[in-house]
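First comes the structure, then the notes that go with it.
The values are calculated or read from the model by the stated rules, or taken from the named source; none is laboratory data. What you see is a predicted model, and the numbers here were worked out from it, not measured in a lab. Reconstructed Cβ throughout: ideal geometry from the backbone, glycine too, with neighbour counts over all protein chains shown. Just so you know, the surface numbers come from the protein's heavy atoms only, side chains and all, with ligands and any DNA or RNA stripped out. Shrake-Rupley method; radii C 1.70, N 1.55, O 1.52, S 1.80 Å.
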Amino acid sequence: MKVVEDTQILQTAFATIAGEVDGYFSKILTVPDDPRARLFEAMRHASIGGGKRVRPLLLTAVADMHGVDREAAVRVATAVEAIHVYSLIHDDLPCMDDDDLRRGKPTVHIAYNEEIAVLAGDSLHALAFEILADPETHGDAYVRSELIATLAQASGPHGMAGGQMMDLEAEHSKFDLPTVTRLQQLKTGALIAAAVEMGAILARIAPEGRTALRAYARDIGLAFQIADDLLDVEGDEELAGKHLHKDADAGKETFLSLMGVEKARQQAHMLVEQSVGHLSGYGEEAELLRALARYIVERDR
């Protein structure tokens with residue numbers, strides 16, 4: 001019965017946030033009638049339609065729990081998603097993972113070209129901070145500053161980009177489990193953690209009041225990556241909307257190669273239960289966060 005309830009809650013929540021984020025991207029990425037048109041078309045190709053929208057949903061779920069204005073939360077969630085999409089565009093380039101399929105459609109450098117793909121990623125990166133710096137996003141300059149600092153740290157060398165660098169090195173080095181864990185905490189976990197943190201920042205929760213949410217985000221970030229590793233081995237490419245088995249083909253160490261499939265699966269479920277436990281101080285208002293945690297290890301894409 002609980003699984004059915006979670007599924008219903010999530011289906012509604014994912015559909016709602018996808019529509020809101022797509023709508024905001026569509027609004028701010030209106031194609032101009034000048035030589036920049038193909039750049040905007042490429043940005044729209046990458047950002048509108050498809051994708052799980054897990055990070056925006058995490059952010060808005062935390063914000064909603066604390067009564068934050070929905071429009072402000074969606075704007076900030078779209079900024080986080082802009083960073084995520086930029087990273088996917090660049091990750092798919094021939095000089096990186098060299099992928100031709102993302103979210104069930106051609107990657108940007110295939111649909112357009114490499115030059116436009118680089119610029120589309122760069123532009124989405126800049127757009128994220130433009131959104132956060134806009135007084136219309138939040139009237140308090142201190143809140144805007146903290147949002148910007150949080151997303152910048154999660155995106156750069158101490159976060160996602162640093163994790164991506166470690167991932168490149170993984171093609172030439174044999175990493176042990178602590179190193180792979182650190183890699184994934186940066187590459188995947190940092191932006192997930194930022195989404196949760198930024199929802200709390202919008203709610204003006206003091207840093208010392210975010211401990212439980214931070215612990216929740218840390219655990220679901222690792223569980224998310226273990227689930228991704230499992231999907232890379234066991235998943236359906238059509239459902240995933242991207243090519244699978246790439247880590248194994250590249251000879252990279254993963255949670256699965258180091259722990260074994262069943263032990264990794266058990267670890268993911270343990271992390272999810274642990275993450276739910278961190279929310280014990282909340283009531284029904286945190287039910288969406290609990291459902292999201294369980295979804296992370298049960299998803300098929």
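See the values below:
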| item | result |
| --- | --- |
| Residues that are open to solvent by 50 Å² or more (accessible area, probe 1.4 Å), under 24 Å from residue 52 (Cβ atoms) and modelled with pLDDT of 95 or more, drawn from segment 106-125 | 110, 112, 122, 125 |
| Leading residue by the ranking (modelled with the lowest pLDDT) among those in segment 1-42 that are among the β-branched types (Val, Ile, Thr) and surrounded by 12 or more Cβ atoms within 10 Å (Cβ to Cβ) | 7 |
| Segment 257-269 residues that are in contact (Cβ under 8 Å) with a residue 60 or more places away in the chain, paired with ones that are assigned to a helix (DSSP H, G or I) and surrounded by fewer than 17 Cβ atoms within 10 Å (Cβ to Cβ) (beta carbon under 6 Å, 6 or more apart) | 258/177 |
| Residues located in segment 26-48, provided they are touching an Asp or Glu at 6+ places or on another chain (Cβ under 8 Å) and within 14 Å of residue 78 (Cβ to Cβ) | 47, 48 |
| Qualifying helices (runs of 4 or more DSSP H) (wholly inside segment 1-119; at least 1 residues being farther than 28 Å from residue 198 by Cα) | 2-28, 37-47, 108-111 |
| Among the candidates 149, 190, residue that is modelled with pLDDT of 95 or more, open to solvent by 30 Å² or more (accessible area, probe 1.4 Å) and hydrophobic (A, V, I, L, M, F, W, C) | 149 |
| Test: residue in segment 98-107 that is basic (Lys, Arg), closer than 19 Å to residue 11 by Cβ and under 18 Å from the mean Cα position of the chain (by Cα) | yes |
| Output for segment 176-187, where each listed residue is open to solvent by less than 20 Å² (accessible area, probe 1.4 Å) and under 22 Å from residue 129 (Cα atoms) | 186 |
| Meets criteria (open to solvent by less than 60 Å² (accessible area, probe 1.4 Å), of a type in the set (Gly, Ala, Ser) and out of contact with any strand residue (DSSP E or B) (no Cβ under 6 Å at 6 or more places or on another chain)) for residue 67 | no |
| Some residue of segment 83-95 being open to solvent by 60 Å² or more (accessible area, probe 1.4 Å), of a type outside the set (Val, Ile, Thr), at pLDDT below 95 and more than 16 Å from the chain's Cα centre (by Cα) | yes |
| Hits in segment 160-170 - residues which are touching a Gly at 6+ places or on another chain (Cβ under 9 Å) and not aliphatic (A, V, I, L, M) | 162, 163 |
| Test: residue in segment 154-175 that is crowded, with 16+ Cβ neighbours inside 10 Å, among the basic types (Lys, Arg) and more than 16 Å from the chain's Cα centre (by Cα) | no |
| Number of the exception - residue 103 against (1) among the basic types (Lys, Arg); (2) open to solvent by 20 Å² or more (accessible area, probe 1.4 Å); (3) at pLDDT 95 or above | (3) |
| Spans of helices (runs of 4 or more DSSP H) in segment 203-257 with at least 1 residues open to solvent by less than 30 Å² (accessible area, probe 1.4 Å) and at pLDDT 85 or above | 211-234 |
| Any chance residue 97 is touching a strand residue (DSSP E or B) at 6+ places or on another chain (Cβ under 6 Å), of a type in the set (Asp, Glu) and farther than 30 Å from residue 212 by Cα | no |
